[in-house]
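> Handing you a structure now.
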Amino acid sequence: MTLAVQDLGAAAGDPHQQLIDAVRAGGPGALAEELGDRAHVLSALTGFPQELFTPADPSAEAFRDVIGSLHSLRSAIDALETRAVVALADSLTLRRQAEARAHAAQESGEETPPAQLLRAASREAAREVSMLTRRSPASASRSLAARRRLVADMPVMLSALADSQVTTEDAYRTARSFAPLTPAQRREADRLLGERLPYLDGAGSEEWSDACAAAISLADPDGEARRHQHAKRDRHVTVRRGEHGMATVTAHVTALDAALIRKRLSLEAERLRAAGDRRGHQAIQADTFVDTLIGRSESMAPVTLDIGVIITDHVLLDPGTGDLAQIEGYGTVPAEAVRESLRDPLDAIAGTDEDPLGPEGPALRAVLRKLYEHPRTEELVAVESRARAFPPALARFIRLRDRTCRGPHCSAPIRHIDHIRPHCAGGPTCLDNGQGACAFCNDKEQQLASVERVGDPAADGHVVEWTTGLGTRRLTRAARLSAGGEEPQPPPSPSEPPSSAPPPSAPDESGQPPGNSP
């Protein structure tokens with residue numbers, strides 16, 4: 001059917017289809033020539049634009065269309081490069097296999113094992129790509145492994161990259177995160193993630209990572225503990241040279257420890273700022289981190305921290321369900337990571353009447369609080385609050401529900417609880433009209449034409465539409481609590497055509513019973 005349509009298009013004089021057919025018939029040489037011509041045109045326009053970017057009647061909409069087309073072109077080229085790099089590695093493998101067979105025939109020796117030939121060809125291809133693209137050999141080698149997974153086992157993600165539905169960074173990061181899976185599990189996770197693409201239109205990197213983790217957990221629920229233990233063995237600290245006498249220190253640690261470190265540094269920065277410190281929030285965190293690690297006099301004193309951890313009753317009753325735990329300020333983690341982090345301190349005080357930390361030590365308490373999820377969208381909708389002051393409890397709940405800033409493609413930490421409809425315009429202070437925001441996105445009235453709640457809350461959950469002054473629209477929604485389940489059809493934008501991607505099946509009329517998450 002596809003070939004018939006293509007032939008009909010070519011016969012009807014479709015110039016685009018004729019060019020596609022000519023490149024296919026000409027092979028890699030024709031493709032390289034065509035791309036070279038396009039690169040020459042774009043390079044000339046960049047170096048000698050003349051009046052191209054300074055028209056007599058400047059049109060912001062026209063420049064918006066140029067940027068959108070360039071983004072689509074870049075995504076298509078990146079997807080095409082992915083296939084070309086894998087084809088290069090495969091061709092080098094075939095060449096080495098032929099050379100090995102010829103050598104064995106002449107020398108009457110044993111042939112080189114296929115795995116060894118594959119490794120040698122991959123190293124040769126990585127070196128070639130490294131020198132072509134001016135990247136380090138290590139970076140080229142890592143990207144080759146991710147590209148192989150995209151081409152062999154992740155057709156949905158590769159197509160989404162070609163159609164600019166995902167960024168190159170997200171596609172490669174997803175391929176790297178799928179590395180522990182078998183090819184069959186990788187294809188299943190790719191399918192599951194593809195079903196969620198319409199709902200990740202405005203997702204930031206953190207929400208995308210959560211979606212990838214959920215797909216992995218559903219594709220391989222029994223491998224959760226194994227994957228966590230394997231990743232934990234890679235704990236490390238690196239120091240990378242920066243610019244102008246600076247450097248970056250990176251510690252690869254468990255998620256719960258990282259969340260505690262982040263919150264401790266942030267609280268200390270807020271305390272010092274409130275006391276009159278004129279340094280910026282991030283600068284105080286960096287200075288305090290160094291002072292404490294080195295042991296300077298300005299180091300932080302030990303304190304007791306409060307970190308929210310959300311784990312569903314499904315995981316508590318059946319750890320093999322594939323559901324993930326949530327750590328406040330971090331995102332999704334394997335449930336085993338939370339159980340392991342809490343096991344030692346809880347075992348230390350179990351079955352004893354004495355405080356193992358001593359009479360002067362801080363008390364270790366685990367406070368359970370029920371959170372209720374939407375039966376269809378699986379996002380948090382209510383909380384069993386034990387506090388008397390309603391506003392702080394409501395703000396804390398919104399932070400737990402949204403996890404990161406709700407601005408499109410923004411994954412910054414939540415710094416403000418924002419009124420979707422501004423309070424000055426009559427917007428109520430309630431859960432439905434509230435969302436977590438960073439300082440930049442909280443200033444939305446100065447950047448956008450509108451930000452408003454859309455859809456039916458009972459069916460669609462908490463969905464917010466962000467619209468720029470030039471008409472670009474993105475939908476953001478509250479994060480899902482569970483890894484499984486189906487999602488409702490996203491509410492269509494009033495001025496944009498529906499997405500060409502097929503919608504997922506609607507959930508059962510009865511939905512799932514509301515889950516209590518201790």
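> Take Glu169 and decide whether it is under 24 Å from Ala84 (Cβ atoms) and open to solvent by 60 Å² or more (accessible area, probe 1.4 Å).
Numbers: under 24 Å from Ala84 (Cβ atoms): yes; open to solvent by 60 Å² or more (accessible area, probe 1.4 Å): yes.
Yes: the conditions hold for Glu169.
> Where the second residue is part of a loop (DSSP other than H, G, I, E, B) and loosely packed, with under 12 Cβ neighbours inside 10 Å and the first is polar (S, T, N, Q) and lies in region 423-450, which pairs have Cβ atoms under 8 Å and are six or more apart or on separate chains?
none
> Can we say Ala126 is crowded, with 20+ Cβ neighbours inside 10 Å, of a type outside the set (Lys, Arg) and under 15 Å from Leu80 (Cα atoms)? Explain how you work it out, then say what you get.
On the way: crowded, with 20+ Cβ neighbours inside 10 Å: yes; of a type outside the set (Lys, Arg): yes; under 15 Å from Leu80 (Cα atoms): no.
Here the answer is no, as Ala126 does not meet what is asked.
> Same structure, new question: Restricting to region 225-258, name every residue that is under 21 Å from Asp291 (Cβ atoms) and within 21 Å of the chain's Cα centre (by Cα).
Answer for region 225-258, where residues must be under 21 Å from Asp291 (Cβ atoms) and within 21 Å of the chain's Cα centre (by Cα): Thr250, Ala251, Val253, Asp257, Ala258.
> Please verify whether Met157 is under 16 Å from Ala215 (Cα atoms) and of a type in the set (A, V, I, L, M), treating the condition exactly as stated.
On the way: under 16 Å from Ala215 (Cα atoms): yes; of a type in the set (A, V, I, L, M): yes.
Yes; evaluated as a whole, the condition is true for this residue.
> While we're looking at this one, here's another question. Could you list all residues from region 268-278 that are open to solvent by 60 Å² or more (accessible area, probe 1.4 Å) and over 17 Å from Ala439 (Cα atoms)?
Restricting attention to region 268-278, the residues satisfying the condition of being open to solvent by 60 Å² or more (accessible area, probe 1.4 Å) are 270-271, 273-275, 278.
Arg271, Ala274, Ala275, Arg278, listed by residue number.
> Also, I was wondering about something else. Inside region 252-281, can you point out the residues that are over 29 Å from Pro334 (Cβ atoms) and in contact (Cβ under 8 Å) with a residue 12 or more places away in the chain?
Those that are over 29 Å from Pro334 (Cβ atoms) and in contact (Cβ under 8 Å) with a residue 12 or more places away in the chain: Glu268, Ala269, Leu272, His281.
> Right, here's the next one. For the subset of region 96-123 comprising residues that are open to solvent by 60 Å² or more (accessible area, probe 1.4 Å) and touching a residue at least 24 places away in the same chain (Cβ under 8 Å), which member is farthest from Thr174 (Cα to Cα)?
Arg96
> Let me ask something else. Could you identify the single residue in Glu207, Glu224, Glu195, Glu188 that is touching a Pro at 6+ places or on another chain (Cβ under 7 Å), open to solvent by 40 Å² or more (accessible area, probe 1.4 Å), in contact (Cβ under 8 Å) with a residue 12 or more places away in the chain and not hydrophobic (A, V, I, L, M, F, W, C)? Don't jump to the end; show me each part of the working.
Details: Glu207 fails: touching a Pro at 6+ places or on another chain (Cβ under 7 Å); Glu224 fails: open to solvent by 40 Å² or more (accessible area, probe 1.4 Å); Glu188 fails: touching a Pro at 6+ places or on another chain (Cβ under 7 Å).
Only one candidate passes the filter, namely Glu195.
For every residue, the table says whether it meets (1) over 30 Å from Gly202 (Cα atoms); (2) aliphatic (A, V, I, L, M); (3) in a helix (DSSP H, G or I).
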| site | (1), (2), (3) |
| --- | --- |
| Leu80 | no, yes, yes |
| Glu111 | yes, no, no |
| Gln116 | yes, no, yes |
| Val129 | yes, yes, yes |
| Ser159 | no, no, yes |
| Ser164 | no, no, no |
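> Take the residues in region 372-420 that are surrounded by fewer than 16 Cβ atoms within 10 Å (Cβ to Cβ) and under 20 Å from Asp456 (Cβ atoms); name whichever of them is modelled with the lowest pLDDT.
My answer is Ala382.
> Is there any pair with a first residue in region 31-48 that is farther than 19 Å from Val85 by Cβ and a second that is at pLDDT below 90 whose Cβ atoms are under 7 Å apart and which are 6 or more apart or on different chains, and what are they?
Final answer for the pair search is Leu45/Leu52.
The values are calculated or read from the model by the stated rules, or taken from the named source; none is laboratory data. Being a predicted model, the structure only gives us computed values, none of them experimental. Cβ: placed from backbone, ideal geometry, glycine included. Neighbour counts: every protein chain shown. Surface areas here come from the heavy atoms of the whole protein model, side chains and all, with no ligands, DNA or RNA. Shrake-Rupley method; radii C 1.70, N 1.55, O 1.52, S 1.80 Å.
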